[in-house]
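To start, the structure itself, in C-alpha cells.
The values are calculated or read from the model by the stated rules, or taken from the named source; none is laboratory data. As the structure is a prediction and not an experimental result, all values here were calculated from the model. Methodologically, a virtual Cβ is constructed for each residue, glycine included, from the backbone with ideal geometry; neighbour enumeration extends over all protein chains shown. Accessible surface areas use protein heavy atoms only, side chains included; no ligands, DNA or RNA. Shrake-Rupley method; radii C 1.70, N 1.55, O 1.52, S 1.80 Å.
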Amino acid sequence: MVTVNSPAEILSAPVNLKRWTVEEYHQLSELGLLTPDERTELIAGQILIKPVKSPAHVVALQLLALQIKEYLRERPFFACTQDPVQLNDCSEPEPDLAIIQGELLTYTDRHPKPEDIFLIVEVADSTLKQDCQVKDKTYAKANIAEYWVLDLPHQRLHVFQKPTATGYSSHLILSQDNQVSPLAFPEFLLDIASLFPTR
C-alpha cells in the first residue's frame with residue numbers, strides 16, 4: 001500500500017520514512033496506485049494530498065492568471081496553472097501558477113525545471129503554513145528566484161526572494177494597497193487588491 005501524507009505530517013516526518021523519487025512517483029501512477037482524482041504532488045520525497053480547492057481559491061487563481069497571461073501574450077514566456085514542475089529527483093510539485101520561459105511545445109517530453117522558471121505562485125486558504133514554511137524552503141533550495149504566496153485569509157501577498165540553500169533571505173508581506181512586479185518583469189505592475197475575489 002502506498003503511504004500518502006497530509007501536508008501537516010511532512011513537518012514532523014521521521015527520518016526513516018520512505019522517500020520517493022520522481023521516477024518512482026511516476027511509476028506509482030502508471031501502475032494505478034495513484035489515480036488522477038487523488039490530486040497528489042511530490043515534495044522532498046514525500047507524496048502529499050492536495051486539498052480540495054475552495055471557490056475563493058479558484059477565483060483568486062483565475063484573477064492572477066488572466067492578468068499574467070495577458071501580459072505574456074506576445075512574449076517568449078507562458079504561464080501554466082496547477083501543472084507539474086520538476087525541481088530535482090525528489091520534488092515534483094504542482095504549483096498554482098508558474099511563469100515559464102520558452103514556448104509550450106518545448107515541454108512535450110519533460111516538465112519545466114528550475115532553470116526554466118521565473119516565478120512560482122501558490123494560492124493559500126487552508127495551506128498557508130505549508131506554503132510559507134515548507135514549500136518556501138523547497139523552492140529556495142531549487143534556486144527558484146521568486147516565490148509568491150497569495151494569502152486569502154489575511155488578504156496579503158507574501159513575496160519570497162533571494163534563494164539560499166536553507167530558504168529565502170528576503171520575505172516581504174504586502175497588503176492590498178500595494179503594487180507588486182515580478183523580478184523578471186519589473187515593468188509589469190500588479191495591484192494586489194485586484195488579486196483577491198470580492199463580491
remark   = The residue from Tyr71, Tyr107, Tyr147 that alone is more than 13 Å from the chain's Cα centre (by Cα) and over 24 Å from Glu23 (Cβ atoms) is Tyr71
query = What's the number of the condition Leu190 fails, among (1) open to solvent by 10 Å² or more (accessible area, probe 1.4 Å); (2) of a type in the set (A, V, I, L, M, F, W, C); (3) over 18 Å from the mean Cα position of the chain (by Cα)?
reply = (1)
inquiry  = Go through the stretch 164-187 and report how many residues are in contact with a helix residue (DSSP H, G or I) (Cβ under 7 Å, 6 or more places away or on another chain), within 23 Å of Asn143 (Cβ to Cβ), open to solvent by 40 Å² or more (accessible area, probe 1.4 Å) and in a strand (DSSP E or B).
reply    = 1
request  = Kindly indicate whether Gln130 is part of a helix (DSSP H, G or I) and modelled with pLDDT of 95 or more.
outcome  = no
query = When you go through (1) touching a residue at least 40 places away in the same chain (Cβ under 8 Å); (2) under 18 Å from Leu172 (Cα atoms) one by one for Leu87, which number turns out not to apply?
reply = (2)
remark   = Residue hits (the stretch 133-163; assigned to a loop (DSSP other than H, G, I, E, B) and either buried (at least 21 other Cβ atoms within 10 Å of the Cβ) or not small (Gly, Ala, Ser) (or both)) are Asn143, Ile144, Leu152, Pro153, His154, Gln155
query = In this structure, does Asp191 turn out to be at pLDDT 95 or above, of a type outside the set (A, V, I, L, M) and under 23 Å from Leu42 (Cβ atoms)?
reply = no
Tabulated pairs, the stretch 129-151, first farther than 20 Å from Ser181 by Cα, second at pLDDT 95 or above and assigned to a helix (DSSP H, G or I), C-beta under 9 angstrom, 6+ apart or interchain = Ala142/Pro114
